[in-house]
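The values are calculated or read from the model by the stated rules, or taken from the named source; none is laboratory data. Just so it is clear, the model here is predicted, and its values are computed rather than measured. In this analysis, Cβ positions are derived from the backbone assuming ideal geometry, glycine residues included, and neighbour counts consider all displayed protein chains. To get the accessible areas, we keep the full protein, side chains included, count just its heavy atoms, and leave off ligands, DNA and RNA. Shrake-Rupley method; radii C 1.70, N 1.55, O 1.52, S 1.80 Å.
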Amino acid sequence: MEQIGLFSGDNWIDNIKSILAEIMTTEELPENALVLVKNSSKVKDITTSYSVSVNKTEYPRNPKTNNSSKTPLFNIQVKTNSNDEVEKLYYCLPEDMIPILEQKSFDITYSKRESDAFTRVSIDHKSDRFIEFSLLVIKSMLDTYFSKGGQSFGCCSMFEECSDAKKCLHENKLYARGCAYYHNLKQGRIFYGKNRNVENGI
């Protein structure tokens, strides 16, 4: 939470984008790997919500197609008053995020409709802990995306080089987040090469 002082002002969109930039830097993710997407109504040209999304370009990259896909991690709904000023933000989150948030004692409220598969978590965007709250949610949802989103694999062809370096050397850290060995290396568990400290492989 050392970087919280870098964020300021009441513009929650700019603050979310700054959080995404901070995560991409600290996690060594490709540029624009995390984006805030505006969702508009199909009937009227009005914004209905925003999505914090993973923006994945195909890997290995094909210069002829240059395809990419956006996968929403969660949505943010905005409540405004009669003067179009933002009053509350509602983070639409899965049920398993609630215990994580409750441990931090944020000043937030919860609501859920029977027809929804998610819980609305309301927070004041001017709160002193808005940045801390948003950072925790985004990082937790990103971890869930890689652990449960069908993006996982055992290791890539660089497992020996990574073992000798004691860290992931893959050029695309977004792709590498799905590597099981990437997470083992971060925990200091090395299965191969001169630094091997675990007897059994993955």
Next item on the list: Rank by packing, highest mean first: peptides 105-113, 172-180, 79-87, with packing defined as the count of other Cβ atoms within 10 Å averaged across residues.
Entry: 172-180, 105-113, 79-87
Note to self: Give the lysines reachable from residue 194 as a straight Cα distance under 28 Å; neighbours fewer than 8 places away on the same chain don't count.
What the structure shows: 166, 167, 173, 186
Notebook entry, point to check: For the chain, what does -39500 (n - 2.57) per DSSP helix run (n ≥ 4), summed and divided by total residues, give at 222 nm, in deg cm²/dmol to the nearest 500?
Noted result: -8000 deg cm²/dmol
Checklist line | the chain - share of DSSP beta bridges that are antiparallel (%, nearest 5) | finding: 95
Notebook entry, point to check: Given 0.36 nm per residue, what is the gain on full extension from residue 47 to residue 171 after removing their alpha carbon distance, in nm?
Noted result: 41.0 nm
Note to self: Over the chain, with the other protein chains present, what is the accessible area per residue in square angstrom, probe 1.4 angstrom?
What the structure shows: 61
Note to self: Residues of region 106-142 with the amide nitrogen closer than 12 Å to a label point 7 Å from the Cα of residue 86, along Cα-to-Cβ, please.
What the structure shows: 123-127, 130-131, 134
Check: Hey, any idea what Rg/Rh is for the chain, computing Rh the Kirkwood way over Cα pairs?
Finding: 1.02
Check: If we sort 134-147, 39-52 on the protection proxy, mean other Cβ atoms within 10 Å, highest first, what's the order?
Finding: 134-147, 39-52
Check: Could you give the length gained on full extension between residue 98 and residue 26, defined as 0.36 nm per residue of separation minus the Cα-Cα distance, in nm?
Finding: 23.4 nm
Check: Of all accessible surface on the chain at a 1.4 Å probe, what whole percent is carbon and sulfur?
Finding: 44
